[in-house]
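Working notes, beginning with the structure itself.
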Amino acid sequence: MFNIPLSMLIAPKAATNAVARDYQHIEVKPYASALGAEIFGVDLANLSQEQIQEIKGALADHSVVFFREQDLSVEDQERFSLQFGDFGYDPFVDGIEGHPNVLRLVKEADEKTGAVFGGVWHTDWSFQEAPPSYTILVGKDIPPYGGDTLFASLTNAYDSLSPAMKKICESLKLVHSAKKGYDDQMAGVYSAVLENMKVKTGTEDAKSSKLHPLVTVHPDSGKKVLFLGGVYSIAIEGMHFDESEALLGYLQEKVVQDPLNLCRFRWENGSVAMWDNRCTQHYPMADYKGMRREMQRTIIAGQPPVGV
């Protein structure tokens, strides 16, 4: 047995997201220590420029924000989304007729399986050259229980690493690809488990891959981020397969296994969640089989990730 002095061991940094910003036009209440905040006193269909700027500040501080009791039409959601940038490109699901940038995500009560679209830990479209900055999800028809969404902080995951591991990760690049979720072999899976959604598989977007730094710098907060895409994280450049699998498995556990790195949002009709894909992962709970759930989603275009 090695007798290692305790002074040589580095204690993991506790997750914290204590932010003191002076908001004048919105009310912000932190939702959990690691990430997340609820925003009150706003009508997302009628925002002032001052409120929009403060919502952007809350996103930079908390990574994901939540709104309640919002009655948004498709057009309202489009207008709100465009306050934060241009629409991003969604490669696998077509939008609502006449509104190509608004996706309808639905699970009917009579579907045979409880599987849900995107039901794994992931960061939206991290396999793109310029992954989305934000995702906006509106709850239109929410079951009385179940279907919560979990969020994990990639900023705190980086902060929890030892100085030695941070240095290693900052030198690496990660291959991102959608092939595990959307290549040809998934066509039969989606048709069997998502009866009321049409998901495109086997496309060029599913087969391609992109290389991004494993540690990135967030363009708004300036903080370092462990930029893992969850299911879209395929391999670390330059490593043997077993080395890559071992390190990615360890890092992904750092992201999602510590409850202090998570927050869990419970949906209601009219709830809206908006999260920053550049510093979070999310996971939709599939625990409402036999109940109907309908959401509307928009994504906002981002920029290519920048390394340290």
Projected onto the charge dipole of the chain (+1 at Lys/Arg Cβ, -1 at Asp/Glu Cβ, origin at the Cα centre), which of PHE66, ALA109, HIS218 gives the Cα projection farthest towards the positive end? HIS218
Which links in LYS166/LYS200; LYS56/LYS224; LYS29/LYS173; LYS29/LYS200 stretch past 28 Å when you go from one Cα to the other? LYS166/LYS200; LYS29/LYS173; LYS29/LYS200
Among the lysines, select those whose C-alpha is under 21 Å from the C-alpha of LYS198, and discard any that sit fewer than 8 residues away in the same chain. LYS107, LYS112, LYS140, LYS179, LYS180, LYS207, LYS289
12 Å beta-carbon shell around GLU111, net charge (K/R +1, D/E -1): +2
State the Cα centre-to-centre distance between the range 161-211 and the range 61-82 in whole Å. 27 Å
Cβ neighbours within 10 Å, averaged per peptide: list 82-88, 65-71 in order, most packed at the top. 65-71, 82-88
Rg(Cα) of the range 23-300 divided by 2.2 N^0.38 Å? 0.98
In whole Å, largest first, what are the principal axis extents of the Cα atoms in the range 149-191? 46, 27, 10
Taking the Cα centre of each part, how many Å lie between the range 135-151 and the range 253-273? 11 Å
Net dipole in debye of the chain [+1 Lys, Arg Cβ; -1 Asp, Glu Cβ; about Cα centre; nearest 20]: 760 debye
Only Cα pairs within less than 10 Å get springs; with that Gaussian network setup on the chain, which residue of HIS282, HIS218, HIS99 has the largest fluctuation? HIS99
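No lab work stands behind these numbers, since they all come straight from the coordinates. Just so it is clear, the structure is predicted and the values come from calculations on it, not from any experiment. All Cβ positions, glycine included, derive from the backbone under ideal geometry; neighbour counts span all protein chains shown.
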